[in-house]
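The block underneath contains the structure these notes are about, expressed in structure tokens.
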Amino acid sequence: MDLGLADRVYVLTGASRGLGLATAQALVADGAKVVVSSRSQAGVDEAVRDLGDGAVGVAADLTDADTPGLLVRAATERFGRFDGALISVGGPGHGTAAAQTDEQWREAFETVFLGSVRAARTFAGALGAGGVIGFVLSTSARTPIAGLGLSNGLRPGLAGVAKDMADEYAPRGIRVVSLLPGRVLTDRNRELFAATGDAEKAAVDAAASVPLGRLGEPEEFGRVAAFLLSPAASYLTGLAVPVDGGASRTL
Ligand SMILES: NC(=O)c1ccc[n+]([C@@H]2O[C@H](COP(=O)([O-])OP(=O)(O)OC[C@H]3O[C@@H](n4cnc5c(N)ncnc54)[C@H](OP(=O)(O)O)[C@@H]3O)[C@@H](O)[C@H]2O)c1
């Protein structure tokens, strides 16, 4: 199937590693151009080297209010168009909801929540008909995950924002979708496994809780995200897609 990605231009935040980078790889593999972004210049440079000619990098923090506009300008100046965006950002810290201080809640809200909402609003303002915005959330948007209180608090709200924006922007022909990764083997999950004190056991236990019996590979997430962002998914909006090997208990 031709996804219709050739020469389309996407902005991806949180894309020097992990799920963002995997999505950029899948988009570029099908002929799209990408602007990849994260806070670290070295990380962005490495991602661009990996992605090749179809990519440019911008080092910027999603928490910074100027970042979304900067990324749209990079897309239009370098590639002459802007067709869609994937909004990903480093996951919030671990610990139960009750154990988080006001400062930890504020910091997570500023980055994970407000940074994402602001980016989506800015991107939507710059997109035309056929444009698309994807939020990388978590299965915690639907079912709380033990020990990830900040995520459990913020992701359901972001899923609600994505649905609200899908309604708001649909008349302009702009789609908004959410992706709900479960356990995909990126640095984020390696850190969460390590934080248990027995990373190997945590990984084995996590895999055992997945009906497919294993953790996901970043490429498996990237291919789903690239499809949802592509013109081939032109009648999909306002939905949240779990990429979790069947782990979610919701229908
Ligand atoms: N992997 C999973 O299975 C899984 C499951 C559920 C939810 N998620 C969520 O999905 C998102 C992506 O996860 P991942 O596994 O790809 O994480 P990751 O491997 O840790 O990668 C995170 C990426 O975001 C960048 N980043 C972090 N903070 C940023 C900021 N403030 N502004 C801009 N870029 C920032 C990082 O680069 P820099 O450090 O250079 O900024 C990196 O490129 C996270 O929110 C995570 O909680 C992941």
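Each value in this text was obtained by applying a stated rule to the coordinates, not by laboratory testing. Quick caveat, the model's predicted, so the values are computed rather than measured. Neighbour counts are summed over all protein chains in view; Cβ atoms, including those assigned to glycine, are modelled from backbone coordinates with ideal geometry.
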Legend entry - Residues satisfying the stated conditions in region 180-211, i.e. touching a Pro at 6+ places or on another chain (Cβ under 6 Å) and either more than 7 Å from the ligand (Cβ to nearest atom) or among the basic types (Lys, Arg) (or both): Leu180
Inset, instruction - Mind counting the residues in region 155-197 that are more than 19 Å from Ala126 (Cβ to Cβ), among the hydroxyl-bearing types (Ser, Thr, Tyr) and surrounded by 21 or more Cβ atoms within 10 Å (Cβ to Cβ)? - result: 2
Inset, instruction - Return the total of residues in region 94-108 being crowded, with 17+ Cβ neighbours inside 10 Å and either over 17 Å from Pro144 (Cα atoms) or not hydrophobic (A, V, I, L, M, F, W, C) (or both). - result: 2
Legend entry - Matching residues in region 127-146 - criterion: being surrounded by fewer than 18 Cβ atoms within 10 Å (Cβ to Cβ) and more than 9 Å from the ligand (Cβ to nearest atom): Gly128, Ala129, Gly130, Arg142, Thr143, Pro144, Ala146
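Answer yes if at least one residue in region 36-51 is within 19 Å of Gly125 (Cβ to Cβ) and either out of contact with any strand residue (DSSP E or B) (no Cβ under 7 Å at 6 or more places or on another chain) or surrounded by fewer than 21 Cβ atoms within 10 Å (Cβ to Cβ) (or both), and no otherwise. Spell out the reasoning first.
The first filter runs over region 36-51 and keeps only residues within 19 Å of Gly125 (Cβ to Cβ), leaving 37.
Those left that are additionally either out of contact with any strand residue (DSSP E or B) (no Cβ under 7 Å at 6 or more places or on another chain) or surrounded by fewer than 21 Cβ atoms within 10 Å (Cβ to Cβ) (or both): none.
No; the residues of region 36-51 include none that is within 19 Å of Gly125 (Cβ to Cβ) and either out of contact with any strand residue (DSSP E or B) (no Cβ under 7 Å at 6 or more places or on another chain) or surrounded by fewer than 21 Cβ atoms within 10 Å (Cβ to Cβ) (or both).
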Inset, instruction - Please work out if Val48 is more than 11 Å from the ligand (Cβ to nearest atom), out of contact with any Cys (no Cβ under 7 Å at 6 or more places or on another chain) and not polar (S, T, N, Q). - result: yes
Legend entry - Candidate set: region 28-45, residues that are part of a helix (DSSP H, G or I) and under 15 Å from Val11 (Cα atoms); chosen: the one farthest from the ligand (Cβ to nearest atom): Val28
